[in-house]
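*Asks:* This is the structure I want to talk about, given as structure tokens.
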């Protein structure tokens, strides 16, 4: 099947101007000013008044649910296919969270395979919040080498009362295993780090980098917009060569206790001279977003939203006046580069045909194409999960 997107304004994510895009099967076959092709197997999409961008890359989603810190009734549900596609997410990395007892790596892998059967590109992290690391096979290097979907480990919690309080030696050994496993398998082998609100902040990571030969880029710390002090420390961390990730899912309770809205944090980062190749957004989708009363008792619970991923990019552009070409890489090219997903995050000939069409006036998602398959059209899901 051939698909021709005509009359689109293309950001790849860099601005290319008005182009036509030809898709053959799962790949982009051509991007030209004009493509003349006739075939009974050709589907034409008129993208007049639309912007074509790469499918979004979300580096942290709890596809089998998260939460649980408020007891069994606070365990969040699994993700549905349309939670992702209506958010424009065509590539994602799944992880376990605090609960790695009732949520398992085998369940995570099975759910990832389910989403891949529908036509997405879903990967997983081995391990969880806690060390010693739990794996699918006998060890982390084996997970990375033998399990196609496994591209790293995490999200390992530090600077958080819920973490296993990992030692320097534990973190260093984990990063070394992930690095070697990634090298042997041709994968990123990143160590996703859950950054809590503790005072130690990046110190455990600096200790590993300063005392070993592990490069700072092996770590991929997230939740860096948790508060102003952590964001400022994160900016300094990027100046040392590291990457940081901001979390788009939030609620009023989080903002009232100091969390910084991603769109505002990105603007601040740019004002501080931050390197745009070192900052990304992720949704933390289907994690729990709890609210507590003055006694510390759980009073309500929301679920992290995958739609927040692009909403924060959109807000950065429309509300914070961040140029679209600077905001878009946070959920396309940059996370794909960090994760070493070489066929993702860009629009280029030979790469995977993951393409979103946005309305020019309000940047709302109109069409979502994943591996050449139309998943959303005119803002409505074309493909749904079997039980949706």
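The values are calculated or read from the model by the stated rules, or taken from the named source; none is laboratory data. The structure displayed is predicted, hence computed values, not measured ones. So basically every Cβ, Gly included, is an ideal-geometry build from the backbone, and we count neighbours across all protein chains shown.
*Asks:* Specify which of the listed residues (32, 78) is touching a helix residue (DSSP H, G or I) at 6+ places or on another chain (Cβ under 8 Å) and surrounded by fewer than 19 Cβ atoms within 10 Å (Cβ to Cβ).
*Replies:* Numbers: 32 fails: touching a helix residue (DSSP H, G or I) at 6+ places or on another chain (Cβ under 8 Å).
Testing whether each residue is touching a helix residue (DSSP H, G or I) at 6+ places or on another chain (Cβ under 8 Å) and surrounded by fewer than 19 Cβ atoms within 10 Å (Cβ to Cβ) leaves just 78.
*Asks:* Can you pull out the residues in segment 81-103 that are part of a loop (DSSP other than H, G, I, E, B) and either out of contact with any helix residue (DSSP H, G or I) (no Cβ under 9 Å at 6 or more places or on another chain) or not assigned by TED's automatic domain parsing to the domain that holds residue 284 (or both)? Talk me through it step by step, then tell me what you get.
*Replies:* Going residue by residue through segment 81-103, those that are part of a loop (DSSP other than H, G, I, E, B) are 86-88, 95-103.
Hits for segment 81-103 are 86, 97, 98, 99, 100, 101, 103.
*Asks:* With the condition kept exactly as written, say whether any residue in segment 169-191 is in contact with a strand residue (DSSP E or B) (Cβ under 8 Å, 6 or more places away or on another chain), in the same structural domain as residue 98 (by TED's automatic domain parsing) and in a strand (DSSP E or B).
*Replies:* Yes; the residues of segment 169-191 include at least one that is in contact with a strand residue (DSSP E or B) (Cβ under 8 Å, 6 or more places away or on another chain), in the same structural domain as residue 98 (by TED's automatic domain parsing) and in a strand (DSSP E or B).
Let's see how each residue does on (1) outside any helix (DSSP H, G or I); (2) modelled with pLDDT under 95; (3) in contact with a helix residue (DSSP H, G or I) (Cβ under 6 Å, 6 or more places away or on another chain):
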position: 224; (1), (2), (3): yes, no, yes
position: 241; (1), (2), (3): yes, no, yes
position: 246; (1), (2), (3): yes, no, yes
position: 250; (1), (2), (3): yes, yes, no
position: 255; (1), (2), (3): no, yes, no
position: 263; (1), (2), (3): no, no, yes
position: 267; (1), (2), (3): no, no, no
position: 270; (1), (2), (3): no, no, no
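*Asks:* In segment 352-364, what count of residues is obtained for those that are more than 23 Å from residue 24 (Cα to Cα) and either assigned to a strand (DSSP E or B) or touching a helix residue (DSSP H, G or I) at 6+ places or on another chain (Cβ under 6 Å) (or both)? It would help to see each step written out before you state the result.
*Replies:* Initially, segment 352-364 is screened for residues more than 23 Å from residue 24 (Cα to Cα), giving 359-364.
After this cut, where a residue has to be either assigned to a strand (DSSP E or B) or touching a helix residue (DSSP H, G or I) at 6+ places or on another chain (Cβ under 6 Å) (or both) as well, the list is 359, 363.
The number of residues fulfilling the criteria is 2.
*Asks:* Next up: Is it true that some residue in segment 334-344 is surrounded by fewer than 19 Cβ atoms within 10 Å (Cβ to Cβ) and touching a residue at least 40 places away in the same chain (Cβ under 8 Å)?
*Replies:* Filtering segment 334-344 down to residues surrounded by fewer than 19 Cβ atoms within 10 Å (Cβ to Cβ) leaves 340, 342-343.
If we keep only those that are touching a residue at least 40 places away in the same chain (Cβ under 8 Å) too, we end up with 340.
Within segment 334-344 (the criterion being surrounded by fewer than 19 Cβ atoms within 10 Å (Cβ to Cβ) and touching a residue at least 40 places away in the same chain (Cβ under 8 Å)), the answer is yes, since at least one residue qualifies.
*Asks:* Shifting gears a bit: Determine if segment 365-388 includes at least one residue that is within 25 Å of residue 264 (Cβ to Cβ) and assigned to a loop (DSSP other than H, G, I, E, B).
*Replies:* Let us first name the residues in segment 365-388 that are within 25 Å of residue 264 (Cβ to Cβ), namely 365.
If we keep only those that are assigned to a loop (DSSP other than H, G, I, E, B) too, we end up with none.
No, segment 365-388 has no match at all.
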